[in-house]
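> Quick one: this structure, given as C-alpha coordinates, is what I'll be asking you about.
The values are calculated or read from the model by the stated rules, or taken from the named source; none is laboratory data. Values in this document were obtained by computation on a predicted structure and should not be read as measured data. Every residue, glycine among them, receives a Cβ derived from its backbone with ideal geometry; neighbour counts consider all protein chains shown. Ligands, DNA and RNA are stripped out before the accessible areas are found, and what is left, the full protein with its side chains, is counted by its heavy atoms. Shrake-Rupley method; radii C 1.70, N 1.55, O 1.52, S 1.80 Å.
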Amino acid sequence: MVGNRPQFIKSAPLSLALRQHGVDEVVVHTGQHYDRELSRVFFDELGLGEPAYRVDARSPDVERMRPAIAAAIEAERPDSVLVYGDTNSTLAGARAAAASGAPLVHVEAGLRSGDWSMPEEHNRVEVDRLAQLLLAPDERSRETLVREGVAGRIEVVGDVMADASRLLRPVARERSRILSRLALEPGGYVVATIHREANVHPARLAPLVADLGAIHEPVVFPTHPRTRRAIDTSRLGVRANVHLVEPLGYVDFAALASRARVIVTDSGGLQKEAYWYGVPCVTVRPSTEWVDTVEAGANVLVEPGGIAAAVAAARMPPERPPLYGDGHAADRIAELVARLARS
Ligand code: UDP
(Lines give C-alpha, C1' and ligand atoms only; values in the text may rest on other atoms or scores of the structure.)
Protein backbone atom coordinates (compact mmCIF):
# COMPACT_ATOMS: atom_id res chain seq x y z
CA MET A 1 0.00 0.00 0.00
CA VAL A 2 1.59 3.24 -1.10
CA GLY A 3 0.18 6.72 -1.49
CA ASN A 4 2.78 9.43 -1.33
CA ARG A 5 6.36 10.35 -2.08
CA PRO A 6 8.22 8.86 0.89
CA GLN A 7 6.18 5.67 0.58
CA PHE A 8 7.19 5.18 -3.06
CA ILE A 9 10.81 5.59 -1.97
CA LYS A 10 10.49 3.20 0.97
CA SER A 11 8.73 0.57 -1.13
CA ALA A 12 11.43 0.49 -3.84
CA PRO A 13 14.09 -1.55 -1.96
CA LEU A 14 11.40 -3.69 -0.39
CA SER A 15 9.80 -4.57 -3.75
CA LEU A 16 13.18 -5.79 -4.89
CA ALA A 17 13.77 -7.83 -1.74
CA LEU A 18 10.27 -9.37 -1.82
CA ARG A 19 10.88 -10.48 -5.41
CA GLN A 20 14.19 -12.05 -4.33
CA HIS A 21 12.38 -13.95 -1.54
CA GLY A 22 9.74 -15.25 -3.96
CA VAL A 23 6.93 -13.16 -2.48
CA ASP A 24 4.32 -11.81 -4.93
CA GLU A 25 3.55 -8.18 -4.31
CA VAL A 26 0.30 -6.52 -5.37
CA VAL A 27 0.73 -2.74 -5.20
CA VAL A 28 -2.23 -0.57 -4.22
CA HIS A 29 -1.74 3.15 -4.87
CA THR A 30 -4.12 5.17 -2.73
CA GLY A 31 -3.73 8.27 -4.86
CA GLN A 32 -3.00 10.51 -1.87
CA HIS A 33 -0.33 12.28 -3.95
CA TYR A 34 -1.75 12.66 -7.40
CA ASP A 35 0.52 15.39 -8.75
CA ARG A 36 2.61 13.97 -11.56
CA GLU A 37 5.89 15.15 -10.05
CA LEU A 38 5.08 13.56 -6.73
CA SER A 39 3.96 10.23 -8.08
CA ARG A 40 4.56 9.12 -11.68
CA VAL A 41 8.22 10.09 -11.70
CA PHE A 42 8.94 7.73 -8.80
CA PHE A 43 7.39 4.75 -10.50
CA ASP A 44 9.43 5.51 -13.62
CA GLU A 45 12.81 6.18 -12.08
CA LEU A 46 12.73 3.69 -9.19
CA GLY A 47 11.61 0.91 -11.54
CA LEU A 48 8.59 0.08 -9.39
CA GLY A 49 6.00 -2.31 -10.78
CA GLU A 50 2.81 -0.65 -12.01
CA PRO A 51 0.28 -0.53 -9.18
CA ALA A 52 -2.33 -3.24 -9.71
CA TYR A 53 -4.93 -1.05 -8.01
CA ARG A 54 -5.35 2.68 -8.14
CA VAL A 55 -7.75 3.98 -5.58
CA ASP A 56 -7.66 7.48 -7.04
CA ALA A 57 -9.41 8.99 -4.05
CA ARG A 58 -7.66 12.26 -4.90
CA SER A 59 -8.17 13.06 -1.28
CA PRO A 60 -6.26 12.52 1.91
CA ASP A 61 -9.48 11.56 3.69
CA VAL A 62 -9.06 8.17 5.41
CA GLU A 63 -12.67 7.09 5.09
CA ARG A 64 -12.80 8.00 1.39
CA MET A 65 -9.77 5.80 0.66
CA ARG A 66 -10.71 2.87 2.86
CA PRO A 67 -13.59 1.19 0.92
CA ALA A 68 -11.60 0.88 -2.31
CA ILE A 69 -8.59 -0.53 -0.41
CA ALA A 70 -10.93 -2.98 1.34
CA ALA A 71 -12.26 -4.06 -2.08
CA ALA A 72 -8.70 -4.71 -3.32
CA ILE A 73 -7.94 -6.79 -0.21
CA GLU A 74 -11.20 -8.69 -0.68
CA ALA A 75 -10.34 -9.43 -4.32
CA GLU A 76 -6.71 -10.48 -3.70
CA ARG A 77 -7.02 -12.25 -0.32
CA PRO A 78 -3.36 -11.56 0.50
CA ASP A 79 -1.30 -13.43 3.12
CA SER A 80 -0.51 -10.04 4.63
CA VAL A 81 -1.02 -6.31 4.04
CA LEU A 82 2.03 -4.06 4.26
CA VAL A 83 1.71 -0.39 5.16
CA TYR A 84 4.50 2.20 5.49
CA GLY A 85 4.95 5.14 7.80
CA ASP A 86 2.28 7.39 9.21
CA THR A 87 0.11 9.00 6.54
CA ASN A 88 -3.65 8.83 6.10
CA SER A 89 -3.02 6.22 3.37
CA THR A 90 -1.22 4.13 6.00
CA LEU A 91 -4.18 4.40 8.36
CA ALA A 92 -6.76 3.70 5.64
CA GLY A 93 -4.80 0.57 4.63
CA ALA A 94 -4.47 -0.52 8.25
CA ARG A 95 -8.18 -0.13 8.97
CA ALA A 96 -9.11 -1.96 5.77
CA ALA A 97 -6.73 -4.82 6.61
CA ALA A 98 -8.00 -5.06 10.19
CA ALA A 99 -11.63 -5.24 9.02
CA SER A 100 -10.77 -7.97 6.51
CA GLY A 101 -8.84 -10.09 8.99
CA ALA A 102 -5.67 -10.08 6.81
CA PRO A 103 -2.53 -9.81 8.98
CA LEU A 104 -1.25 -6.23 9.00
CA VAL A 105 2.49 -5.51 8.77
CA HIS A 106 3.62 -1.99 9.72
CA VAL A 107 6.94 -0.80 8.33
CA GLU A 108 8.33 2.07 10.50
CA ALA A 109 6.50 1.04 13.65
CA GLY A 110 7.03 2.66 17.04
CA LEU A 111 8.06 6.16 15.95
CA ARG A 112 6.67 8.97 18.07
CA SER A 113 7.24 12.72 18.04
CA GLY A 114 5.12 13.28 21.18
CA ASP A 115 3.32 16.06 19.28
CA TRP A 116 -0.40 15.30 19.28
CA SER A 117 -1.17 18.32 17.09
CA MET A 118 0.29 16.35 14.14
CA PRO A 119 -2.27 14.06 12.48
CA GLU A 120 0.65 11.68 11.80
CA GLU A 121 1.10 11.03 15.53
CA HIS A 122 -2.50 9.78 15.81
CA ASN A 123 -2.01 7.63 12.71
CA ARG A 124 1.18 6.06 14.10
CA VAL A 125 -0.44 5.01 17.35
CA GLU A 126 -3.61 3.61 15.76
CA VAL A 127 -1.73 1.66 13.07
CA ASP A 128 0.62 0.16 15.67
CA ARG A 129 -2.37 -0.97 17.74
CA LEU A 130 -3.84 -2.74 14.71
CA ALA A 131 -0.67 -4.42 13.38
CA GLN A 132 0.19 -8.10 13.84
CA LEU A 133 3.83 -7.60 12.82
CA LEU A 134 5.53 -4.35 13.85
CA LEU A 135 8.79 -3.59 12.06
CA ALA A 136 10.67 -1.04 14.11
CA PRO A 137 13.62 0.89 12.68
CA ASP A 138 15.55 0.94 15.97
CA GLU A 139 15.64 -0.09 19.64
CA ARG A 140 14.08 3.18 20.80
CA SER A 141 10.97 2.45 18.71
CA ARG A 142 10.82 -1.10 20.03
CA GLU A 143 10.92 0.17 23.62
CA THR A 144 8.12 2.63 22.85
CA LEU A 145 5.95 -0.18 21.49
CA VAL A 146 6.65 -2.40 24.49
CA ARG A 147 5.73 0.48 26.82
CA GLU A 148 2.47 1.06 24.94
CA GLY A 149 1.66 -2.63 25.25
CA VAL A 150 0.88 -3.30 21.57
CA ALA A 151 -0.55 -6.73 20.81
CA GLY A 152 1.51 -7.56 17.71
CA ARG A 153 5.00 -9.06 17.39
CA ILE A 154 7.84 -6.51 17.32
CA GLU A 155 11.02 -6.92 15.26
CA VAL A 156 13.83 -4.38 14.94
CA VAL A 157 14.87 -4.41 11.28
CA GLY A 158 16.47 -1.01 10.58
CA ASP A 159 15.16 1.67 8.29
CA VAL A 160 14.10 0.97 4.69
CA MET A 161 14.91 4.56 3.77
CA ALA A 162 18.55 3.78 4.55
CA ASP A 163 18.29 0.95 2.02
CA ALA A 164 16.92 3.35 -0.60
CA SER A 165 19.70 5.78 0.18
CA ARG A 166 22.39 3.05 0.05
CA LEU A 167 21.12 1.65 -3.26
CA LEU A 168 20.29 4.88 -5.03
CA ARG A 169 22.81 7.50 -3.91
CA PRO A 170 25.64 6.19 -6.11
CA VAL A 171 23.24 6.03 -9.07
CA ALA A 172 22.03 9.53 -8.28
CA ARG A 173 25.48 11.07 -8.19
CA GLU A 174 26.48 9.36 -11.41
CA ARG A 175 23.31 10.00 -13.36
CA SER A 176 22.03 13.35 -12.18
CA ARG A 177 23.06 16.59 -13.87
CA ILE A 178 21.15 18.71 -11.38
CA LEU A 179 24.14 20.64 -9.97
CA SER A 180 25.33 21.80 -13.35
CA ARG A 181 21.75 22.47 -14.47
CA LEU A 182 21.28 24.82 -11.50
CA ALA A 183 24.87 26.16 -11.73
CA LEU A 184 25.77 25.02 -8.19
CA GLU A 185 29.04 23.95 -6.59
CA PRO A 186 29.11 21.07 -4.07
CA GLY A 187 28.96 22.54 -0.54
CA GLY A 188 28.07 25.97 -1.91
CA TYR A 189 24.32 26.07 -1.34
CA VAL A 190 21.48 25.23 1.04
CA VAL A 191 18.55 22.94 0.13
CA ALA A 192 15.12 23.71 1.62
CA THR A 193 11.91 21.65 1.59
CA ILE A 194 8.81 22.81 3.45
CA HIS A 195 5.36 21.29 3.14
CA ARG A 196 3.90 20.37 6.53
CA GLU A 197 0.34 21.59 7.05
CA ALA A 198 1.35 23.75 10.05
CA ASN A 199 4.14 25.51 8.13
CA VAL A 200 2.14 26.49 5.05
CA HIS A 201 -0.23 28.68 7.06
CA PRO A 202 0.54 32.32 6.18
CA ALA A 203 1.35 33.15 9.81
CA ARG A 204 4.29 30.72 9.71
CA LEU A 205 5.07 30.65 6.01
CA ALA A 206 5.65 34.43 5.71
CA PRO A 207 8.41 34.61 8.38
CA LEU A 208 9.78 31.31 7.14
CA VAL A 209 10.21 32.49 3.55
CA ALA A 210 11.59 35.83 4.80
CA ASP A 211 14.13 33.96 6.93
CA LEU A 212 15.28 31.83 3.97
CA GLY A 213 15.93 35.18 2.25
CA ALA A 214 18.20 36.19 5.15
CA ILE A 215 20.58 33.25 4.52
CA HIS A 216 23.90 34.40 3.00
CA GLU A 217 24.04 31.46 0.58
CA PRO A 218 21.97 30.33 -2.41
CA VAL A 219 18.92 28.40 -1.24
CA VAL A 220 17.43 25.84 -3.63
CA PHE A 221 13.83 25.26 -2.65
CA PRO A 222 12.08 22.42 -4.53
CA THR A 223 8.58 23.60 -3.78
CA HIS A 224 5.84 21.14 -2.90
CA PRO A 225 2.59 22.03 -4.75
CA ARG A 226 0.85 22.81 -1.47
CA THR A 227 3.60 25.25 -0.47
CA ARG A 228 3.71 26.83 -3.93
CA ARG A 229 -0.05 27.46 -3.76
CA ALA A 230 0.31 29.06 -0.32
CA ILE A 231 3.19 31.30 -1.49
CA ASP A 232 1.19 32.40 -4.53
CA THR A 233 -2.08 32.93 -2.66
CA SER A 234 -0.46 35.03 0.06
CA ARG A 235 1.69 36.80 -2.57
CA LEU A 236 4.81 36.27 -0.48
CA GLY A 237 7.89 38.02 -1.80
CA VAL A 238 10.88 35.73 -2.33
CA ARG A 239 14.42 37.17 -2.07
CA ALA A 240 16.89 36.69 -4.92
CA ASN A 241 19.04 34.09 -3.10
CA VAL A 242 16.02 31.76 -2.85
CA HIS A 243 15.41 29.67 -5.97
CA LEU A 244 12.00 28.09 -6.15
CA VAL A 245 12.16 25.02 -8.37
CA GLU A 246 9.68 22.25 -9.15
CA PRO A 247 9.72 19.22 -6.80
CA LEU A 248 12.45 16.87 -8.02
CA GLY A 249 12.49 13.14 -8.63
CA TYR A 250 14.36 11.08 -6.03
CA VAL A 251 17.51 10.71 -8.12
CA ASP A 252 17.97 14.43 -8.76
CA PHE A 253 16.96 15.28 -5.22
CA ALA A 254 19.44 12.81 -3.69
CA ALA A 255 22.23 14.22 -5.87
CA LEU A 256 21.31 17.76 -4.81
CA ALA A 257 20.67 17.20 -1.09
CA SER A 258 23.69 14.98 -0.51
CA ARG A 259 26.04 17.75 -1.66
CA ALA A 260 24.34 20.69 0.07
CA ARG A 261 26.13 22.54 2.86
CA VAL A 262 22.98 22.54 4.99
CA ILE A 263 19.47 21.12 4.61
CA VAL A 264 16.50 23.10 5.92
CA THR A 265 13.34 21.02 6.14
CA ASP A 266 10.13 20.08 7.85
CA SER A 267 10.15 16.65 6.24
CA GLY A 268 10.50 13.55 8.38
CA GLY A 269 12.54 11.38 6.05
CA LEU A 270 14.89 14.09 4.95
CA GLN A 271 16.20 14.61 8.51
CA LYS A 272 17.55 11.06 8.42
CA GLU A 273 18.85 11.33 4.88
CA ALA A 274 20.73 14.48 5.87
CA TYR A 275 22.39 12.47 8.64
CA TRP A 276 23.36 9.63 6.31
CA TYR A 277 24.67 12.14 3.76
CA GLY A 278 26.75 13.88 6.44
CA VAL A 279 24.94 17.18 5.84
CA PRO A 280 23.82 19.21 8.90
CA CYS A 281 20.06 19.68 9.16
CA VAL A 282 17.89 22.56 10.39
CA THR A 283 14.36 21.32 11.07
CA VAL A 284 11.50 23.82 11.14
CA ARG A 285 9.28 21.93 13.55
CA PRO A 286 8.59 22.05 17.29
CA SER A 287 9.35 18.33 17.65
CA THR A 288 10.80 15.41 15.74
CA GLU A 289 10.42 11.65 15.77
CA TRP A 290 14.13 11.42 14.78
CA VAL A 291 15.44 12.63 18.14
CA ASP A 292 18.75 10.76 17.83
CA THR A 293 19.85 13.06 15.01
CA VAL A 294 19.30 16.02 17.35
CA GLU A 295 21.08 14.29 20.24
CA ALA A 296 24.03 13.57 17.94
CA GLY A 297 24.33 17.33 17.26
CA ALA A 298 23.57 16.93 13.54
CA ASN A 299 20.05 18.35 13.56
CA VAL A 300 18.50 21.33 15.30
CA LEU A 301 14.82 22.23 15.76
CA VAL A 302 13.94 25.87 15.08
CA GLU A 303 10.97 28.20 14.70
CA PRO A 304 10.52 30.07 11.38
CA GLY A 305 12.42 33.15 12.67
CA GLY A 306 15.45 31.09 13.73
CA ILE A 307 16.41 29.52 10.40
CA ALA A 308 19.08 31.88 9.06
CA ALA A 309 21.04 31.92 12.35
CA ALA A 310 20.84 28.12 12.64
CA VAL A 311 22.02 27.67 9.05
CA ALA A 312 24.99 29.98 9.63
CA ALA A 313 25.98 27.95 12.72
CA ALA A 314 25.25 24.48 11.28
CA ARG A 315 28.19 22.01 11.26
CA MET A 316 28.31 18.23 11.37
CA PRO A 317 29.68 16.91 14.67
CA PRO A 318 33.11 15.27 14.28
CA GLU A 319 31.82 11.99 15.75
CA ARG A 320 28.64 10.45 14.41
CA PRO A 321 27.13 7.20 15.71
CA PRO A 322 25.58 5.04 13.00
CA LEU A 323 21.81 5.55 13.18
CA TYR A 324 18.75 3.68 11.90
CA GLY A 325 20.20 0.49 10.58
CA ASP A 326 22.73 -0.70 8.07
CA GLY A 327 20.83 -0.30 4.78
CA HIS A 328 19.73 -3.95 4.73
CA ALA A 329 16.31 -3.63 6.37
CA ALA A 330 14.39 -4.67 3.24
CA ASP A 331 16.03 -8.09 3.23
CA ARG A 332 15.06 -8.74 6.85
CA ILE A 333 11.51 -7.54 6.22
CA ALA A 334 11.11 -9.74 3.12
CA GLU A 335 12.30 -12.75 5.14
CA LEU A 336 9.79 -12.02 7.94
CA VAL A 337 6.94 -11.47 5.47
CA ALA A 338 7.77 -14.70 3.64
CA ARG A 339 7.75 -16.53 6.98
CA LEU A 340 4.41 -14.94 7.93
CA ALA A 341 2.93 -16.23 4.65
CA ARG A 342 4.17 -19.76 5.41
CA SER A 343 2.86 -19.79 9.00
N1 UDP B 1 12.28 14.20 -1.98
C2 UDP B 1 12.30 14.09 -3.36
N3 UDP B 1 12.14 15.22 -4.13
C4 UDP B 1 11.94 16.46 -3.58
C5 UDP B 1 11.92 16.57 -2.16
C6 UDP B 1 12.08 15.43 -1.39
O7 UDP B 1 12.49 12.99 -3.88
O8 UDP B 1 11.81 17.44 -4.33
C9 UDP B 1 12.43 12.97 -1.17
C10 UDP B 1 13.43 13.04 -0.04
O11 UDP B 1 14.72 12.65 -0.47
C12 UDP B 1 12.86 12.03 0.95
C13 UDP B 1 11.37 12.11 0.71
O14 UDP B 1 11.20 12.74 -0.55
O15 UDP B 1 13.30 10.73 0.64
C16 UDP B 1 10.71 12.88 1.80
O17 UDP B 1 9.40 13.01 1.49
P18 UDP B 1 8.45 14.09 2.17
O19 UDP B 1 9.25 15.24 2.66
O20 UDP B 1 7.35 14.34 1.20
O21 UDP B 1 7.78 13.28 3.34
P22 UDP B 1 8.11 12.99 4.86
O23 UDP B 1 9.45 12.37 4.94
O24 UDP B 1 8.01 14.27 5.60
O25 UDP B 1 7.03 12.04 5.28
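> What does the charge dipole of the stretch 236-343 about its Cα centre add up to, to the nearest 20 debye, if the Cβ of each Lys and Arg holds +1 and the Cβ of each Asp and Glu holds -1?
It works out to roughly 120 debye.
> In Å², and per residue, what accessible area does the chain have when probed at 1.4 Å with the other protein chains present?
Value returned for the chain: 42 Å² of accessible area per residue.
> With every atom except the alpha carbons ignored, what do you get for Rg and Dmax of the stretch 194-343, in angstroms?
When restricted to the Cα atoms of the stretch 194-343, Rg and Dmax are 17.3, 60 Å.
> I've got another one for you. Between residue 143 and residue 180, what FRET efficiency follows from the Cβ-Cβ distance if R0 is 30 Å, with the result rounded to 0.05?
Calculated transfer efficiency: 0.05.
> Right, another one. Using only alpha carbon pairs under 8 Å that are at least six residues apart, calculate the relative contact order of the chain and give it in whole percent.
Reported relative contact order: 17 percent.
> Once Lys and Arg get +1 and Asp and Glu get -1 on their Cβ, which of 122, 32, 13 lies farthest toward the positive end of the dipole of the chain?
Of the listed residues, the answer is 32.
> Using +1 at the Cβ of each Lys and Arg and -1 at the Cβ of each Asp and Glu in the stretch 246-343, identify which of 340, 307, 287 lies farthest towards the dipole's positive end.
So the residue we want is 340.
> Which value, in debye to the nearest 20, gives the size of the charge dipole of the stretch 277-323 about its Cα centre, when Lys and Arg are +1 and Asp and Glu are -1 at the Cβ?
160 debye
> Another one. Only Lys, Arg, Asp and Glu count, each charged at its Cβ (+1, +1, -1, -1), so figure out the dipole size of the chain about its Cα centre, rounded to 20 debye.
The calculation lands at about 580 debye.
> Which stretch or stretches of the stretch 188-203 have amide N atoms under 13 Å from the point lying 7 Å from residue 233's Cα along the Cα→Cβ direction?
197-203
> Based on DSSP H runs of at least 4 residues, each adding -39500 (n - 2.57), what is the mean residue ellipticity at 222 nm of the chain after dividing by all its residues, to the nearest 500 deg cm²/dmol?
-13500 deg cm²/dmol
> Working out 0.36 nm times the residue gap between residue 56 and residue 173, then minus their Cα-Cα distance, what length gain in nm do you get to one decimal?
Gain on extension, residue 56 to residue 173, equals 38.8 nm.
> Using the per-residue mean of other Cβ atoms lying within 10 Å as a proxy for protection, in what order, highest first, do the peptides 16-25, 209-218 fall?
Result, highest mean Cβ count within 10 Å first: 209-218, 16-25.
> Any chance you could check the Cα centroid distance between the stretch 204-239 and the stretch 102-162 for me, in angstrom?
33 Å
> May I pose another question? Of 182, 271, 216, which is farthest towards the positive pole of the stretch 157-278's charge dipole, taken about the Cα centre with +1 and -1 on the beta-carbons of Lys, Arg and Asp, Glu respectively?
Selected residue: 182.
> Would you pull out the residues with amide H under 5 Å of residue 245's amide H, same chain only if 5 or more places away, H placed 1.01 Å from N?
Amide H to amide H, under 5 Å and 5 or more residues apart or across chains, residue 245 pairs with 221, 223.
> Carbon and sulfur atoms: what percent of the 1.4 Å accessible area of the chain do they account for?
51 percent
> Which length gain, in nm to one decimal place, applies between residue 153 and residue 226 when the Cα-Cα distance is subtracted from 0.36 nm times their residue separation?
22.6 nm
> Using modelled backbone amide H atoms (1.01 Å from N, in-plane), which distant-in-sequence or interchain residues come within less than 5 Å of residue 112's amide H?
Here the answer is none, since no amide H 5 or more places off falls under 5 Å of that of residue 112.
> A further question follows. Based on DSSP, what percent of beta bridges with both residues in the chain are antiparallel, to the nearest 5?
0 percent
> So what is the relative contact order of the stretch 210-343, in percent, for Cα pairs below 8 Å that sit 6 or more residues apart?
It rounds to 20 percent for the stretch 210-343.
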